[in-house]
Amino acid sequence: NAGVMQNPRHLVRRRGQEARLRCSPMKGHSHVYWYRQLPEEGLKFMVYLQKENIIDESGMPKERFSAEFPKEGPSILRIQQVVRGDSAAYFCASSPPGLAGKDNEQFFGPGTRLTVL
Amino acid sequence: DQQVKQNSPSLSVQEGRISILNCDYTNSMFDYFLWYKKYPAEGPTFLISISSIKDKNEDGRFTVFLNKSAKHLSLHIVPSQPGDSAVYFCAASRLGAGSYQLTFGKGTKLSVIP
């Protein structure tokens, strides 16, 4: 049973370009979460999605950032017109339906490291 | 405003001894707490959790203690092994409020010396 998959693992963009980060949850999981980790910081919640629904986007920056989890295919975190401050590791997590699985346990992917030049 | 604090950025422990990692929180609405372990260039891996209705949860070498009145929890690893060397994150959530988002501390880097 494959774990949470994220791609690409590393992404380099120039200022003003768009970044698309993909996340495929574990098999059977229908809840997806995105977190961002800046250097020397803990992970910060960005958004929580279920299939075709954004449930909680309280951690998303108001501009340039968007997320989706379509009926088919991976979840996408999209960052438009990237700036240097967007450089970070972006982690996706998933959990099964119901009460977020066992003890609200979220299973994390390996992350995408975004570097903005 | 950091709601989950891990005040020790690093900790070194001899192999075979006990490792104690501490975590404090400020939001009294948190009702579920988790510990994750993270190796470089990997995602966090779930270790153990505890509900606010309990004060202790044990799983093998890992025990988490919760002191609600002090808003403090700790992770005990005994005996410590070199493979335990990693960054440990404390996280909290408000399940009772229907919120599944995890609020993380900044992490403590544990080094277990052989």
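Tabulated data
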| item | result |
| --- | --- |
| In the stretch B:81-100, residue surrounded by the most Cβ atoms within 10 Å (Cβ to Cβ) [restricted to those that are away from chain A (no Cβ under 11 Å) and polar (S, T, N, Q)] | B:S85 |
| Residues located in the stretch B:51-72, provided they are more than 14 Å from chain A (Cβ to nearest Cβ) and among the hydrophobic types (A, V, I, L, M, F, W, C) | B:F65, B:A70 |
| Positions within the stretch B:25-47 being more than 9 Å from chain A (Cβ to nearest Cβ) and part of a strand (DSSP E or B), in sequence order | B:Y25, B:F33, B:W35, B:K37, B:L47 |
| Residues being within 19 Å of A:L117 (Cβ to Cβ), surrounded by fewer than 16 Cβ atoms within 10 Å (Cβ to Cβ) and β-branched (V, I, T) - total across the stretch A:43-92 | 1 |
| Residue list for the stretch A:22-45, filter: touching a residue at least 40 places away in the same chain (Cβ under 8 Å), closer than 15 Å to A:A89 by Cα and within 13 Å of chain B (Cβ to nearest Cβ) | A:C23, A:Y33, A:W34, A:Y35, A:R36, A:Q37, A:L38, A:P39, A:L43 |
| Looking only at the stretch A:55-71, and only at residues there that are in a strand (DSSP E or B) and within 13 Å of another protein chain (Cβ to nearest Cβ), the one that is nearest to B:K109 (Cα to Cα) | A:D56 |
| Residue tally, condition facing another protein chain (nearest Cβ under 10 Å) and either assigned to a loop (DSSP other than H, G, I, E, B) or at pLDDT 90 or above (or both), over the stretch A:102-117 | 8 |
| Complete set of residues in the stretch B:14-31 that are surrounded by fewer than 21 Cβ atoms within 10 Å (Cβ to Cβ), over 21 Å from A:R36 (Cβ atoms) and not acidic (D, E) | B:Q14, B:G16, B:R17, B:I18, B:I20, B:N22, B:T26, B:S28, B:M29 |
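The values are calculated or read from the model by the stated rules, or taken from the named source; none is laboratory data. Bear in mind the structure is a predicted one, so any value in this text is a computation, not a measurement. No Cβ is skipped: glycine too gets one built from the backbone with ideal geometry, and neighbour counts run over all protein chains shown.
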